[in-house]
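Below is one structure, written out as structure tokens; the observations come after it.
The values are calculated or read from the model by the stated rules, or taken from the named source; none is laboratory data. Values in this document were obtained by computation on a predicted structure and should not be read as measured data. Every residue, glycine as well, gets a Cβ built from its backbone with ideal geometry; the counts of neighbours run over all protein chains shown. Just the protein is used for accessible areas: all its heavy atoms, side chains included, with ligands, DNA and RNA removed. Shrake-Rupley method; radii C 1.70, N 1.55, O 1.52, S 1.80 Å.
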Amino acid sequence: MATDSLSTALADIGLSLDDPRAVAAVSLIWYEAHLLDARCYEDWDALWAEGGEYVVPIDRETTDFASRLNLVYDDDRMRRMRVERLTGGLSISAAAAARTVRSVSRFVVTGREQDAIEVCSAQVLVGYKREETFVLAADVTHRIVFGPGGPRISRKIVRLVNSEDTVTASGFLL
């Protein structure tokens, strides 16, 4: 496939390689996945813009996270406290942390603003904890903002395919 044909095909699905912000956003999302699998949670926290929201809703369809029950609904303070629990060694979930390998794909740009871009993707995570292997799948939406410090995550919404099922202590971040 010629470069122009590839660019046209990618633009048709909303992922234009001609838009350096889309490429930077996808690169940031892949790097985030790497940091989470490596349990580099403090480095992960540094990827966030001030005021960033990290949400894992129970209701897959909701957009009103403040009035609904969520597995995770973190602002900066809550996200940093979550990182401290996972890295401090005092939490049970940190002591028995799962090993994870995740794949993020199916990128589609769903929103563009002057200083931000929204990207939807699919995430499949395989985890191993206490001699059990498990698989989680989710639709993920990232809002990436661009500023003088480079791209940062301003919102991440993880919609698990089994979001209404029972959740056990995971010992990792989605």
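Key figures
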item: Given (1) touching a residue at least 12 places away in the same chain (Cβ under 8 Å); (2) in a loop (DSSP other than H, G, I, E, B); (3) over 18 Å from the mean Cα position of the chain (by Cα), number of the condition ARG60 does not satisfy; result: (3)
item: Candidate set from the range 36-62 (those that are aliphatic (A, V, I, L, M) and surrounded by 18 or more Cβ atoms within 10 Å (Cβ to Cβ)); member that is farthest from ALA116 (Cα to Cα); result: LEU36
item: Residue satisfying all of: in the range 120-170; β-branched (Val, Ile, Thr), assigned to a strand (DSSP E or B) and open to solvent by 20 Å² or more (accessible area, probe 1.4 Å); nearest to PHE65 (Cα to Cα) among these; result: THR141
item: Test: VAL101 is touching a residue at least 24 places away in the same chain (Cβ under 8 Å) and in a strand (DSSP E or B); result: yes
item: Only one of ALA98, ALA116 that is open to solvent by less than 50 Å² (accessible area, probe 1.4 Å) and over 21 Å from TRP48 (Cβ atoms); result: ALA98
item: Residue check for GLY14: more than 23 Å from ASP165 (Cβ to Cβ), modelled with pLDDT of 90 or more and of a type outside the set (D, E, K, R); result: no
